[in-house]
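Worksheet: the structure to be examined is printed underneath.
The values are calculated or read from the model by the stated rules, or taken from the named source; none is laboratory data. Since the structure is predicted, the reported quantities are computational estimates derived from the model, not experimental observations. Here Cβ is always computed from backbone atoms with ideal geometry, including for glycine, and neighbour counts include all displayed protein chains.
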Amino acid sequence: MMDRKLRAGVVGLGVGKAHARGYIASPDAELVALCDMSEARLNQQADEWNIDGRYMDYRQMFSEAKLDVVSIGLPNALHAEASIAALEAGIHVICEKPMATGVAEAQRMIETADRCRRQLMVCYNYRYRSDSLWVRRLVQSGRLGQIYHANVSWRRETGIPGWGLFGSKTASGGGALIDLGVHVIDLGLWMMDFPAVKTISADVRTLFGPHGRKTWGRTPTTNRIDDFDVDDGGIAFARLANGANMVINVSWAEHSQANDDYFHVELQGTEGTAVLHVRNYKNDDTLRLYTEIEGEPVTVIPGVRFSGSQGHEALVKDLVASLKNGTLPTATGQQGLIAVKILQAIYESAAAGHEVTLNGG
Ligand SMILES: NC(=O)c1ccc[n+]([C@@H]2O[C@H](COP(=O)([O-])OP(=O)(O)OC[C@H]3O[C@@H](n4cnc5c(N)ncnc54)[C@H](O)[C@@H]3O)[C@@H](O)[C@H]2O)c1
(Lines give C-alpha, C1' and ligand atoms only; values in the text may rest on other atoms or scores of the structure.)
Protein backbone atom coordinates (compact mmCIF):
# COMPACT_ATOMS: atom_id res chain seq x y z
CA MET A 1 0.00 0.00 0.00
CA MET A 2 1.29 3.44 -0.89
CA ASP A 3 -0.34 6.51 0.67
CA ARG A 4 0.98 9.16 -1.69
CA LYS A 5 0.57 9.85 -5.39
CA LEU A 6 2.87 7.80 -7.63
CA ARG A 7 5.47 9.80 -9.54
CA ALA A 8 5.13 8.83 -13.19
CA GLY A 9 7.21 9.38 -16.32
CA VAL A 10 6.88 8.59 -20.02
CA VAL A 11 9.68 7.79 -22.48
CA GLY A 12 8.89 8.20 -26.19
CA LEU A 13 6.16 10.66 -27.06
CA GLY A 14 4.41 9.04 -29.98
CA VAL A 15 1.88 6.63 -28.49
CA GLY A 16 3.51 7.57 -25.17
CA LYS A 17 1.12 10.53 -25.22
CA ALA A 18 -1.75 8.10 -24.55
CA HIS A 19 0.12 6.78 -21.50
CA ALA A 20 0.73 10.33 -20.30
CA ARG A 21 -3.00 11.09 -20.57
CA GLY A 22 -3.65 7.97 -18.48
CA TYR A 23 -1.40 9.20 -15.68
CA ILE A 24 -2.95 12.67 -15.90
CA ALA A 25 -6.41 11.10 -15.58
CA SER A 26 -5.38 8.91 -12.64
CA PRO A 27 -6.12 10.49 -9.23
CA ASP A 28 -3.39 8.33 -7.65
CA ALA A 29 -0.57 9.39 -9.98
CA GLU A 30 1.25 12.54 -10.93
CA LEU A 31 3.00 12.91 -14.28
CA VAL A 32 6.33 14.52 -13.41
CA ALA A 33 8.76 13.73 -16.26
CA LEU A 34 8.86 13.21 -20.01
CA CYS A 35 11.66 11.96 -22.26
CA ASP A 36 12.12 12.07 -26.01
CA MET A 37 15.22 12.42 -28.15
CA SER A 38 13.31 14.91 -30.28
CA GLU A 39 13.62 18.17 -28.37
CA ALA A 40 10.77 19.75 -30.31
CA ARG A 41 8.40 16.87 -29.48
CA LEU A 42 9.54 16.88 -25.85
CA ASN A 43 8.99 20.60 -25.33
CA GLN A 44 5.70 20.64 -27.18
CA GLN A 45 4.23 17.96 -24.88
CA ALA A 46 5.86 19.23 -21.70
CA ASP A 47 4.51 22.72 -22.44
CA GLU A 48 1.03 21.36 -23.14
CA TRP A 49 0.91 19.48 -19.81
CA ASN A 50 3.07 21.88 -17.86
CA ILE A 51 5.73 19.31 -16.94
CA ASP A 52 9.08 20.51 -15.58
CA GLY A 53 10.96 17.19 -15.82
CA ARG A 54 12.26 17.19 -19.41
CA TYR A 55 14.88 14.68 -20.57
CA MET A 56 16.40 13.61 -23.84
CA ASP A 57 18.27 10.71 -22.21
CA TYR A 58 16.13 8.14 -20.42
CA ARG A 59 18.95 6.89 -18.19
CA GLN A 60 19.36 10.42 -16.84
CA MET A 61 15.60 10.59 -16.26
CA PHE A 62 15.63 7.28 -14.38
CA SER A 63 18.46 8.43 -12.09
CA GLU A 64 17.19 11.97 -11.44
CA ALA A 65 13.40 12.13 -11.61
CA LYS A 66 12.60 9.94 -8.55
CA LEU A 67 9.99 7.98 -10.48
CA ASP A 68 7.79 5.19 -9.12
CA VAL A 69 6.54 4.14 -12.54
CA VAL A 70 7.47 4.77 -16.16
CA SER A 71 5.90 3.97 -19.53
CA ILE A 72 8.22 2.96 -22.36
CA GLY A 73 6.92 4.03 -25.78
CA LEU A 74 10.14 3.64 -27.78
CA PRO A 75 10.73 1.71 -31.02
CA ASN A 76 10.51 -2.04 -30.37
CA ALA A 77 14.24 -2.77 -30.35
CA LEU A 78 14.73 -0.38 -27.41
CA HIS A 79 11.98 -1.88 -25.21
CA ALA A 80 14.24 -4.36 -23.43
CA GLU A 81 17.18 -2.01 -22.91
CA ALA A 82 15.05 0.86 -21.57
CA SER A 83 12.78 -1.36 -19.44
CA ILE A 84 15.76 -3.11 -17.85
CA ALA A 85 17.43 0.23 -17.09
CA ALA A 86 14.23 1.47 -15.42
CA LEU A 87 13.68 -1.71 -13.41
CA GLU A 88 17.29 -1.64 -12.22
CA ALA A 89 16.75 1.96 -11.10
CA GLY A 90 13.85 0.67 -8.94
CA ILE A 91 11.04 1.90 -11.22
CA HIS A 92 7.93 -0.11 -12.16
CA VAL A 93 7.44 -0.36 -15.93
CA ILE A 94 4.65 -0.36 -18.47
CA CYS A 95 6.28 -1.39 -21.75
CA GLU A 96 4.59 -0.91 -25.10
CA LYS A 97 3.90 -3.94 -27.24
CA PRO A 98 5.59 -6.06 -28.44
CA MET A 99 7.36 -6.48 -25.15
CA ALA A 100 10.62 -7.23 -27.01
CA THR A 101 11.85 -8.25 -30.45
CA GLY A 102 13.04 -11.67 -29.29
CA VAL A 103 12.51 -14.30 -26.60
CA ALA A 104 15.91 -13.92 -24.93
CA GLU A 105 15.36 -10.18 -24.41
CA ALA A 106 11.86 -10.69 -23.03
CA GLN A 107 13.18 -13.28 -20.60
CA ARG A 108 15.89 -10.87 -19.41
CA MET A 109 13.21 -8.25 -18.76
CA ILE A 110 11.20 -10.70 -16.64
CA GLU A 111 14.30 -11.84 -14.73
CA THR A 112 15.23 -8.21 -14.03
CA ALA A 113 11.73 -7.37 -12.78
CA ASP A 114 11.79 -10.39 -10.47
CA ARG A 115 15.30 -9.60 -9.18
CA CYS A 116 14.48 -5.93 -8.60
CA ARG A 117 11.00 -6.74 -7.22
CA ARG A 118 9.32 -4.32 -9.60
CA GLN A 119 6.21 -4.77 -11.74
CA LEU A 120 6.61 -5.19 -15.48
CA MET A 121 3.39 -4.71 -17.39
CA VAL A 122 2.95 -5.07 -21.16
CA CYS A 123 0.72 -2.59 -22.95
CA TYR A 124 -2.14 -4.70 -24.26
CA ASN A 125 -4.58 -1.80 -24.35
CA TYR A 126 -7.23 -3.59 -26.43
CA ARG A 127 -7.92 -5.88 -23.48
CA TYR A 128 -9.32 -2.79 -21.80
CA ARG A 129 -12.28 -2.33 -24.11
CA SER A 130 -15.72 -3.12 -22.74
CA ASP A 131 -16.43 -5.44 -25.70
CA SER A 132 -13.16 -7.42 -25.29
CA LEU A 133 -13.83 -7.81 -21.59
CA TRP A 134 -17.35 -9.04 -22.34
CA VAL A 135 -16.09 -11.75 -24.71
CA ARG A 136 -13.58 -12.90 -22.11
CA ARG A 137 -16.34 -13.12 -19.49
CA LEU A 138 -18.51 -15.04 -21.96
CA VAL A 139 -15.73 -17.59 -22.53
CA GLN A 140 -14.97 -17.89 -18.82
CA SER A 141 -18.66 -18.53 -18.06
CA GLY A 142 -18.57 -21.59 -20.34
CA ARG A 143 -21.33 -20.13 -22.56
CA LEU A 144 -19.44 -21.03 -25.76
CA GLY A 145 -18.81 -24.62 -24.68
CA GLN A 146 -15.53 -26.16 -25.76
CA ILE A 147 -13.64 -23.75 -28.00
CA TYR A 148 -12.10 -25.59 -30.92
CA HIS A 149 -11.05 -22.75 -33.23
CA ALA A 150 -9.90 -19.15 -32.95
CA ASN A 151 -9.63 -16.88 -35.95
CA VAL A 152 -7.76 -13.68 -35.17
CA SER A 153 -6.84 -11.02 -37.65
CA TRP A 154 -5.93 -7.40 -38.12
CA ARG A 155 -6.18 -6.22 -41.68
CA ARG A 156 -5.61 -2.84 -43.24
CA GLU A 157 -6.16 -1.87 -46.83
CA THR A 158 -3.66 1.00 -46.67
CA GLY A 159 -1.90 1.06 -43.34
CA ILE A 160 1.88 0.77 -43.46
CA PRO A 161 3.14 3.19 -40.80
CA GLY A 162 4.98 5.85 -42.77
CA TRP A 163 6.54 7.41 -39.67
CA GLY A 164 9.11 6.21 -37.18
CA LEU A 165 11.13 3.06 -37.73
CA PHE A 166 8.40 0.53 -38.44
CA GLY A 167 9.93 -0.51 -41.79
CA SER A 168 13.26 -1.47 -40.24
CA LYS A 169 13.86 -5.00 -38.98
CA THR A 170 16.75 -3.82 -36.85
CA ALA A 171 14.62 -1.23 -35.07
CA SER A 172 11.32 -3.08 -34.94
CA GLY A 173 12.14 -6.80 -35.14
CA GLY A 174 9.51 -7.35 -37.82
CA GLY A 175 6.62 -5.64 -39.57
CA ALA A 176 2.86 -6.15 -39.62
CA LEU A 177 2.95 -9.41 -37.68
CA ILE A 178 4.94 -8.01 -34.78
CA ASP A 179 3.10 -4.66 -34.88
CA LEU A 180 -0.55 -5.67 -35.29
CA GLY A 181 -0.40 -9.45 -34.92
CA VAL A 182 0.82 -9.13 -31.35
CA HIS A 183 -2.44 -7.46 -30.28
CA VAL A 184 -4.81 -10.04 -31.75
CA ILE A 185 -2.66 -13.03 -30.75
CA ASP A 186 -2.78 -11.72 -27.20
CA LEU A 187 -6.52 -10.97 -27.32
CA GLY A 188 -7.42 -14.45 -28.57
CA LEU A 189 -5.20 -16.28 -26.09
CA TRP A 190 -6.19 -14.03 -23.17
CA MET A 191 -9.89 -14.59 -23.85
CA MET A 192 -9.25 -18.36 -23.81
CA ASP A 193 -7.11 -18.13 -20.66
CA PHE A 194 -3.83 -18.88 -22.42
CA PRO A 195 -3.92 -22.44 -23.71
CA ALA A 196 -0.34 -23.45 -24.55
CA VAL A 197 0.71 -23.19 -28.20
CA LYS A 198 2.41 -26.34 -29.53
CA THR A 199 3.33 -25.60 -33.13
CA ILE A 200 3.30 -22.75 -35.64
CA SER A 201 3.32 -22.82 -39.42
CA ALA A 202 3.55 -19.43 -41.08
CA ASP A 203 4.19 -17.50 -44.25
CA VAL A 204 4.96 -13.78 -44.40
CA ARG A 205 5.26 -11.42 -47.35
CA THR A 206 6.84 -8.08 -48.23
CA LEU A 207 5.04 -6.72 -51.27
CA PHE A 208 4.06 -3.06 -50.87
CA GLY A 209 6.44 -1.39 -48.41
CA PRO A 210 9.61 -1.55 -50.53
CA HIS A 211 7.74 0.34 -53.26
CA GLY A 212 6.42 3.06 -50.95
CA ARG A 213 2.86 1.86 -51.62
CA LYS A 214 -0.14 1.80 -49.28
CA THR A 215 1.30 4.00 -46.57
CA TRP A 216 -1.04 4.91 -43.71
CA GLY A 217 -3.30 7.83 -44.61
CA ARG A 218 -1.98 7.69 -48.20
CA THR A 219 0.66 10.20 -47.14
CA PRO A 220 4.20 10.02 -48.52
CA THR A 221 6.31 7.73 -46.38
CA THR A 222 9.17 9.00 -44.25
CA ASN A 223 10.51 5.44 -44.02
CA ARG A 224 13.65 4.91 -46.05
CA ILE A 225 12.08 2.79 -48.72
CA ASP A 226 15.40 1.21 -49.70
CA ASP A 227 15.70 -0.05 -46.13
CA PHE A 228 12.17 -1.48 -45.86
CA ASP A 229 12.98 -5.06 -44.87
CA VAL A 230 10.00 -6.26 -42.82
CA ASP A 231 6.81 -8.17 -43.58
CA ASP A 232 3.80 -6.10 -44.63
CA GLY A 233 1.50 -9.09 -44.16
CA GLY A 234 1.40 -12.74 -43.24
CA ILE A 235 -0.63 -15.71 -42.12
CA ALA A 236 -0.03 -18.37 -39.48
CA PHE A 237 -1.63 -21.55 -38.20
CA ALA A 238 -1.15 -22.53 -34.56
CA ARG A 239 -1.95 -25.86 -32.91
CA LEU A 240 -2.88 -25.46 -29.28
CA ALA A 241 -2.13 -28.04 -26.59
CA ASN A 242 -5.83 -28.31 -25.64
CA GLY A 243 -6.72 -29.60 -29.12
CA ALA A 244 -7.99 -26.28 -30.48
CA ASN A 245 -6.27 -24.26 -33.19
CA MET A 246 -5.82 -20.63 -34.14
CA VAL A 247 -5.43 -18.88 -37.49
CA ILE A 248 -3.67 -15.52 -37.49
CA ASN A 249 -4.05 -13.28 -40.56
CA VAL A 250 -2.45 -9.84 -40.56
CA SER A 251 -1.81 -7.15 -43.13
CA TRP A 252 -0.61 -3.60 -43.14
CA ALA A 253 -1.52 -3.44 -46.83
CA GLU A 254 -3.76 -5.38 -49.19
CA HIS A 255 -6.31 -4.80 -51.93
CA SER A 256 -9.63 -4.73 -50.13
CA GLN A 257 -12.36 -2.19 -49.33
CA ALA A 258 -10.89 1.33 -49.41
CA ASN A 259 -9.52 2.48 -46.05
CA ASP A 260 -10.61 -0.70 -44.29
CA ASP A 261 -8.79 -1.18 -40.99
CA TYR A 262 -10.21 -3.72 -38.60
CA PHE A 263 -9.29 -6.24 -35.99
CA HIS A 264 -11.30 -9.40 -35.57
CA VAL A 265 -11.34 -12.09 -32.91
CA GLU A 266 -13.64 -15.01 -33.53
CA LEU A 267 -13.90 -17.88 -31.06
CA GLN A 268 -15.84 -20.93 -32.22
CA GLY A 269 -17.15 -23.29 -29.54
CA THR A 270 -19.46 -26.28 -29.34
CA GLU A 271 -22.24 -24.11 -27.89
CA GLY A 272 -21.67 -20.81 -29.64
CA THR A 273 -19.36 -18.52 -31.60
CA ALA A 274 -18.36 -15.09 -30.33
CA VAL A 275 -17.14 -12.45 -32.76
CA LEU A 276 -15.44 -9.19 -31.86
CA HIS A 277 -15.04 -7.07 -34.98
CA VAL A 278 -13.67 -3.56 -34.47
CA ARG A 279 -13.63 -1.43 -37.60
CA ASN A 280 -11.59 1.79 -37.60
CA TYR A 281 -11.25 1.72 -33.80
CA LYS A 282 -14.98 2.37 -33.32
CA ASN A 283 -16.95 1.20 -30.31
CA ASP A 284 -20.36 0.65 -31.86
CA ASP A 285 -21.79 -2.62 -33.15
CA THR A 286 -18.64 -4.66 -32.56
CA LEU A 287 -20.07 -7.90 -31.17
CA ARG A 288 -22.04 -10.95 -32.30
CA LEU A 289 -22.88 -14.18 -30.56
CA TYR A 290 -24.05 -17.02 -32.79
CA THR A 291 -25.74 -19.87 -30.95
CA GLU A 292 -28.87 -22.03 -30.92
CA ILE A 293 -32.10 -21.61 -29.02
CA GLU A 294 -34.66 -24.44 -29.03
CA GLY A 295 -32.71 -26.15 -31.78
CA GLU A 296 -32.66 -23.15 -34.09
CA PRO A 297 -29.72 -20.89 -34.96
CA VAL A 298 -29.93 -17.40 -33.50
CA THR A 299 -27.81 -14.28 -33.76
CA VAL A 300 -27.40 -12.21 -30.61
CA ILE A 301 -26.34 -8.56 -30.91
CA PRO A 302 -25.01 -7.67 -27.46
CA GLY A 303 -25.55 -4.10 -26.35
CA VAL A 304 -22.36 -3.73 -24.35
CA ARG A 305 -22.01 -0.23 -22.94
CA PHE A 306 -18.69 1.57 -23.17
CA SER A 307 -18.57 3.24 -19.78
CA GLY A 308 -15.57 4.34 -17.77
CA SER A 309 -11.95 4.37 -18.94
CA GLN A 310 -10.97 2.34 -21.97
CA GLY A 311 -7.70 1.43 -23.67
CA HIS A 312 -4.47 3.08 -22.57
CA GLU A 313 -6.15 5.17 -19.90
CA ALA A 314 -7.73 2.10 -18.28
CA LEU A 315 -4.48 0.15 -18.54
CA VAL A 316 -2.42 2.88 -16.89
CA LYS A 317 -5.03 3.19 -14.13
CA ASP A 318 -4.92 -0.59 -13.66
CA LEU A 319 -1.18 -0.53 -12.99
CA VAL A 320 -1.42 2.53 -10.75
CA ALA A 321 -4.18 0.86 -8.72
CA SER A 322 -2.23 -2.39 -8.44
CA LEU A 323 0.85 -0.51 -7.20
CA LYS A 324 -1.25 1.41 -4.70
CA ASN A 325 -2.97 -1.74 -3.44
CA GLY A 326 -0.11 -4.21 -3.72
CA THR A 327 -1.99 -6.43 -6.20
CA LEU A 328 -0.84 -7.88 -9.54
CA PRO A 329 -1.74 -5.99 -12.72
CA THR A 330 -3.17 -7.85 -15.70
CA ALA A 331 -0.85 -8.24 -18.71
CA THR A 332 2.25 -9.32 -16.86
CA GLY A 333 5.68 -9.80 -18.40
CA GLN A 334 5.06 -13.57 -18.46
CA GLN A 335 1.99 -13.00 -20.63
CA GLY A 336 3.96 -10.61 -22.86
CA LEU A 337 6.55 -13.33 -23.37
CA ILE A 338 3.93 -15.72 -24.79
CA ALA A 339 3.20 -13.50 -27.81
CA VAL A 340 6.93 -12.86 -28.32
CA LYS A 341 7.54 -16.63 -28.46
CA ILE A 342 4.76 -17.05 -31.00
CA LEU A 343 6.00 -14.15 -33.14
CA GLN A 344 9.55 -15.49 -33.10
CA ALA A 345 8.18 -18.89 -34.16
CA ILE A 346 6.15 -17.24 -36.94
CA TYR A 347 9.26 -15.62 -38.40
CA GLU A 348 11.29 -18.83 -37.97
CA SER A 349 8.63 -20.93 -39.65
CA ALA A 350 8.26 -18.47 -42.53
CA ALA A 351 12.05 -18.41 -43.08
CA ALA A 352 12.40 -22.18 -42.84
CA GLY A 353 9.30 -22.97 -44.90
CA HIS A 354 7.97 -25.54 -42.44
CA GLU A 355 6.16 -25.93 -39.13
CA VAL A 356 8.11 -25.22 -35.94
CA THR A 357 7.54 -26.51 -32.41
CA LEU A 358 7.39 -24.15 -29.46
CA ASN A 359 9.13 -25.15 -26.27
CA GLY A 360 7.07 -24.63 -23.15
CA GLY A 361 3.99 -23.21 -24.94
N1 LIG B 1 -0.51 -0.15 -27.98
C2 LIG B 1 -0.79 0.50 -29.10
O3 LIG B 1 -1.93 0.57 -29.53
C4 LIG B 1 0.35 1.14 -29.86
C5 LIG B 1 0.09 2.10 -30.85
C6 LIG B 1 1.17 2.68 -31.53
C7 LIG B 1 2.47 2.29 -31.22
N8 LIG B 1 2.68 1.34 -30.27
C9 LIG B 1 4.06 0.93 -29.91
O10 LIG B 1 4.71 2.04 -29.31
C11 LIG B 1 6.08 2.08 -29.70
C12 LIG B 1 6.37 3.42 -30.34
O13 LIG B 1 5.56 3.58 -31.47
P14 LIG B 1 5.10 5.03 -31.96
O15 LIG B 1 4.05 4.84 -32.99
O16 LIG B 1 4.79 5.86 -30.79
O17 LIG B 1 6.43 5.51 -32.65
P18 LIG B 1 6.91 7.01 -32.88
O19 LIG B 1 8.06 6.92 -33.81
O20 LIG B 1 5.75 7.88 -33.22
O21 LIG B 1 7.41 7.50 -31.42
C22 LIG B 1 8.57 7.02 -30.84
C23 LIG B 1 9.21 8.19 -30.10
O24 LIG B 1 10.39 7.70 -29.45
C25 LIG B 1 11.41 8.68 -29.59
N26 LIG B 1 12.70 8.00 -29.44
C27 LIG B 1 13.27 7.09 -30.27
N28 LIG B 1 14.44 6.66 -29.75
C29 LIG B 1 14.61 7.31 -28.57
C30 LIG B 1 15.61 7.27 -27.56
N31 LIG B 1 16.70 6.49 -27.68
N32 LIG B 1 15.47 8.06 -26.48
C33 LIG B 1 14.38 8.88 -26.36
N34 LIG B 1 13.40 8.95 -27.29
C35 LIG B 1 13.51 8.17 -28.38
C36 LIG B 1 11.20 9.28 -30.95
O37 LIG B 1 11.78 10.57 -31.05
C38 LIG B 1 9.68 9.32 -31.03
O39 LIG B 1 9.15 10.54 -30.58
C40 LIG B 1 6.29 0.89 -30.61
O41 LIG B 1 6.80 -0.17 -29.84
C42 LIG B 1 4.90 0.54 -31.09
O43 LIG B 1 4.75 -0.85 -31.37
C44 LIG B 1 1.65 0.77 -29.59
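Filter the range 325-346 down to the residues that are assigned by TED's automatic domain parsing to the domain that holds A176 and among the polar types (S, T, N, Q) and list them by number.
Result: Q344, single match.
Picking from D36, D47, D52, which residue would you name as being without any contact (Cβ under 8 Å) to a residue 40 or more places away in the chain and either of a type in the set (A, V, I, L, M, F, W, C) or within 10 Å of the ligand (Cβ to nearest atom) (or both)?
Details: D47 fails: either of a type in the set (A, V, I, L, M, F, W, C) or within 10 Å of the ligand (Cβ to nearest atom) (or both); D52 fails: either of a type in the set (A, V, I, L, M, F, W, C) or within 10 Å of the ligand (Cβ to nearest atom) (or both).
Residue meeting the stated conditions: D36.
Identify, by number, the condition in (1) more than 24 Å from K324 (Cβ to Cβ); (2) not in a helix (DSSP H, G or I); (3) not hydroxyl-bearing (S, T, Y) that C95 doesn't meet.
(1)
Just a yes or no: is a residue in the range 127-135 without any contact (Cβ under 8 Å) to a residue 24 or more places away in the chain and in the same structural domain as E348 (by TED's automatic domain parsing)? So that I can check it myself, show each step before the final result.
Step one: of the range 127-135, the residues without any contact (Cβ under 8 Å) to a residue 24 or more places away in the chain are 133.
Within this subset, residues satisfying the condition of being in the same structural domain as E348 (by TED's automatic domain parsing) are 133.
Among the residues of the range 127-135, at least one is without any contact (Cβ under 8 Å) to a residue 24 or more places away in the chain and in the same structural domain as E348 (by TED's automatic domain parsing), which makes the answer yes.
Would you pick out the residues in the range 313-336 that are out of contact with any Asp or Glu (no Cβ under 6 Å at 6 or more places or on another chain) and surrounded by 20 or more Cβ atoms within 10 Å (Cβ to Cβ)?
Across the range 313-336, the qualifying residues are E313, L315, V316, K317, D318, L319, L323, A331, G333, G336.
When you look at T101, is it hydroxyl-bearing (S, T, Y) and within 16 Å of the ligand (Cβ to nearest atom), yes or no? Explain how you work it out, then say what you get.
Values: hydroxyl-bearing (S, T, Y): yes; within 16 Å of the ligand (Cβ to nearest atom): yes.
Judged against the criteria, T101 is a match.
What number of residues in the range 181-207 are within 16 Å of the ligand (Cβ to nearest atom) and surrounded by fewer than 24 Cβ atoms within 10 Å (Cβ to Cβ)?
Let us first name the residues in the range 181-207 that are within 16 Å of the ligand (Cβ to nearest atom), namely 181-187, 190.
So of that shortlist, the ones also surrounded by fewer than 24 Cβ atoms within 10 Å (Cβ to Cβ) come out as 183, 190.
Qualifying residue count for the region: 2.
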